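**Q** Here it is, the structure in full.
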Amino acid sequence: MEYELIIVRYGEIALKGKTTRRHFENCLVGNIKKALDAKQIIYNIRREWGRIYIHTNQINKSVDVLQKIFGIVSMSPAVQTQSNVDSMSNLAVSISKDELTEEKTFAIRTTRTGKHEYTSQDVAVKIGNDIVEATKAGVNLTKPDFNLFIEVRDESAYLFTEKIRGTGGLPLGTQGKLLALIDDSDSILAAWYLMRRGCKIIFVNINKSSTGTLNSFMTNWYAESDVIVIDPRQLSLYENLNKIASERNCDAVVTGHTICEDSQNELSDIRLMKKHINLPILHPLIAMEKEDINKKCRGLGIPT
C-alpha cells in the first residue's frame with residue numbers, strides 16, 4: 001500500500017477543558033513542526049477534533065520522528081478516500097488483495113464519527129463480504145493474520161493496517177519549567193520522565209564527561225533546551241542552582257537519585273539538597289532498580 005498521510009492521535013489532551021485543550025494541541029502541533037523541519041521533511045499538517053493529519057511522501061522518516069514527540073499516543077500511516085461505502089470498499093479490496101490469500105484470515109476494525117446512513121457494523125459487514133469474495137480469505141475477529149482499520153470521519157474515510165505506539169505523555173512545554181541536575185545517564189533519564197509530563201527543562205551539567213551523551217539525547221528527542229555547564233568546585237553547587245533557578249524562573253529541581261542496592265549516601269545527599277535548595281526537588285527514579293534504569297536508558301538511546 002502506498003500511504004498518503006499519517007494519522008496522529010493523542011490521549012490525555014482530549015480530557016482537558018476547551019481552552020486548555022486548544023493550548024495543548026497548539027503546543028503539540030508546534031513541536032511536531034519543529035521536529036519535522038529539523039529533519040528537512042516536506043509536509044502539510046492539518047487538525048480536526050481529536051486528530052492531527054500529516055500529509056507527506058516521507059512516511060517512514062516521519063514516523064521515526066513522531067515516535068519521539070511527547071504527547072503522541074499512536075500514529076498510523078493511512079490512505080484517504082470518501083466516506084461512502086462503495087469508495088471505502090473499493091479501496092479496502094485493493095489493499096486486501098496485496099495482503100490476503102485463501103490460507104489467511106482477516107478482520108475489519110471500524111470506527112465512525114459524524115452523521116452517516118450506516119453504522120460501523122454495516123461498514124464492517126459489507127466490506128468484509130466484498131473482501132471475502134475478492135480474496136477467498138476467511139474472517140477471524142479474534143486473532144486474524146491481517147487487520148484492516150477503517151476510520152470514518154464525516155465525509156472522509158481513512159484506511160490503515162497498524163497503530164504504531166508513540167511516547168505518550170503531554171506535549172513538551174505545556175507544564176512548568178524545571179532545572180535538571182545532570183551528572184550521568186541516570187540524571188538524563190530522570191529529566192526525560194519530566195519532559196514526558198510536559199515540563200520544559202533547563203539542563204545544568206556538572207560533569208563534563210556527560211556532555212556528549214546529553215547533546216546526543218537532546219538531538220535524539222528534539223529537545224530545544226538550554227544547557228548550563230558549571231564547575232561545582234568554583235562555587236557552592238547549591239548557590240549555583242539557587243541562582244540559576246531564580247534567574248530562569250524554574251518551578252523545581254529534578255535529579256537522578258535512586259536508592260537501589262548499589263547506591264551510596266543517596267538519602268544523605270537528598271537531605272542535604274533539600275536543606276539548601278529553595279525549590280521542590282523531584283526524584284523520578286528513586287525506587288527504580290539499577291537494571292531497570294539501564295534497560296530504560298538503552299531503550300531511549302541514552303548510553304549507560
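The values are calculated or read from the model by the stated rules, or taken from the named source; none is laboratory data. What you see is a predicted model; the values in this text were computed from it and never measured. Heads up, the Cβs are rebuilt from the backbone with ideal geometry, glycines too, and the neighbour counts pull from every protein chain shown. Ligands, DNA and RNA are excluded from the accessible area calculation, which covers all protein heavy atoms including side chains. Shrake-Rupley method; radii C 1.70, N 1.55, O 1.52, S 1.80 Å.
**Q** Per 0.36 nm of contour for each residue apart, how much would the distance between N220 and K104 grow if the chain were fully extended, relative to their Cα-Cα spacing?
**A** 37.8 nm
**Q** Now a separate question. Evaluated at 10 °C with a viscosity of 1.306 mPa s, what Stokes-Einstein diffusion coefficient in µm²/s does segment 100-210 have when Rh comes from the Kirkwood expression over alpha-carbon pairs?
**A** It comes out at roughly 88 µm²/s.
**Q** Continuing with the same structure: Short version: what are the Cα gyration tensor semi-axes of segment 146-304, square root of 5 times each eigenvalue, largest first, in whole Å?
**A** Square roots of five times the eigenvalues give 35, 19, 14 Å.
**Q** In the neighborhood of N205, defined by Cβ-to-Cβ distances under 13 Å, what is the net charge if each Lys or Arg adds +1 and each Asp or Glu adds -1?
**A** That works out to -3.
**Q** Something else: Among the trypsin sites (Lys or Arg not before Pro) within segment 1-64, which fall in a DSSP loop and have no more than 14 other Cβ atoms within 10 Å of their own Cβ?
**A** Filter output for segment 1-64: K39.
**Q** Follow-up. Note down the net charge around Y158, summing +1 for each Lys or Arg and -1 for each Asp or Glu among other residues with Cβ under 15 Å from its Cβ.
**A** Taking every other residue near Y158 into account, the sum is +1.
**Q** For a paramagnetic label modelled at 7 Å from the Cα of A14 toward its Cβ, which residues of segment 85-129 fall within the zone defined by backbone nitrogen distances under 12 Å?
**A** Answer for segment 85-129: 111-113.
**Q** Using a Debye calculation, one point per C-alpha and no hydration shell, please list log10 I(q)/I(0) for segment 45-92 at q = 0.16, 0.18 Å⁻¹ in order.
**A** Ignoring solvent entirely, the Cα scatterers give -0.58, -0.70.
**Q** Moving to a separate point now. Where the convex hull is taken over the Cα atoms of the chain, what is its projected area averaged over directions, in nm²?
**A** 18.9 nm²
**Q** How would D186, D154, D269 rank on accessible area, largest to smallest, probe 1.4 Å?
**A** Putting D186, D154, D269 in descending order of accessible area: D154, D269, D186.
**Q** I've got another one for you. For segment 136-152, take each phi angle, set θ = phi - 60°, evaluate the Karplus expression 6.51 cos²θ - 1.76 cosθ + 1.60, and give the result in whole Hz per residue in order, putting x for glycine and proline.
**A** Whole-Hz 3J(HN,Hα) from phi for segment 136-152: 6, 6, x, 9, 9, 7, 8, 9, x, 6, 9, 9, 10, 9, 10, 10, 9.
**Q** Another one. Long-range amide H contacts for R109: which residues qualify at under 5 Å (H placed 1.01 Å from N, peptide plane, sequence gap of 5 or more or a different chain)?
**A** Amide H neighbours of R109: L148, F149, I150.
**Q** I've got another one for you. Decide, for segment 239-304, between rounded, prolate and oblate: order the square roots of the alpha carbon gyration tensor eigenvalues as a ≥ b ≥ c, take rounded if a/c falls under 1.5, and otherwise choose prolate if a/b is larger than b/c, else oblate.
**A** Oblate, since a/c reaches 1.5 and b/c is not below a/b.
**Q** Using a probe of 1.4 angstrom, how much of the accessible area of the chain is carbon and sulfur, in percent?
**A** Here it works out to 45 percent.
**Q** Estimate the FRET efficiency between K290 and I228 by the formula 1/(1 + (r/R0)^6), using the beta-carbon distance for r and 30 Å for R0, to the nearest 0.05.
**A** 0.60
**Q** Lys/Arg Cβ at +1, Asp/Glu Cβ at -1, dipole of the chain taken about the Cα centre: which of Y118, L282, T56 is farthest positive-ward?
**A** L282
**Q** Mean projection of the alpha-carbon convex hull of segment 4-106 over all orientations, in nm²?
**A** For segment 4-106, the mean projected area of the Cα convex hull comes to 8.2 nm².
**Q** With every protein chain left in place, what is the accessible area per residue of the chain in square angstrom, probe 1.4 Å?
**A** Result: 52 Å² per residue.
**Q** Okay, moving on. Quick one: net charge of I41's neighbours, Cβ under 14 Å, K/R +1, D/E -1?
**A** +3
**Q** Follow-up. To the nearest 10 degrees, how steep is helix 211-220 against the longest Cα principal axis of the chain, on a 0 to 90 scale?
**A** Roughly 20 degrees between the two axes.
**Q** Under the classification rounded if a/c is under 1.5, otherwise prolate if a/b is larger than b/c and oblate if not, where does segment 181-220 fall, given a ≥ b ≥ c as square roots of the Cα gyration tensor eigenvalues?
**A** Because a/c hits 1.5 or more and a/b exceeds b/c, segment 181-220 counts as prolate.
**Q** Could you list the square roots of 5 times each eigenvalue of the Cα gyration tensor of segment 83-135, that is, the equivalent ellipsoid semi-axes, sorted largest first and rounded to whole Å?
**A** 21, 11, 9
**Q** Would you work out if segment 136-175 is rounded, prolate or oblate? Take a ≥ b ≥ c from the square roots of the eigenvalues of the alpha-carbon gyration tensor; rounded if a/c is under 1.5, else prolate when a/b is larger than b/c, oblate otherwise.
**A** Taking the square roots of the gyration eigenvalues as a ≥ b ≥ c, segment 136-175 is oblate.
**Q** What is the angle, in °, between the Cα long axis of helix 266-276 and the longest principal axis of the Cα atoms in the chain? Nearest 10 is fine, range 0 to 90.
**A** Approximately 70 degrees, to the nearest 10.
**Q** With all protein chains present, calculate the accessible area of I302 using a 1.4 Å probe and round the result to the nearest 10 Å².
**A** Only protein atoms counted, so the area is about 0 Å².
**Q** Considering the Cα positions of segment 46-178, please state its Rg to one decimal place and its Dmax as a whole number of Å.
**A** 16.8, 59
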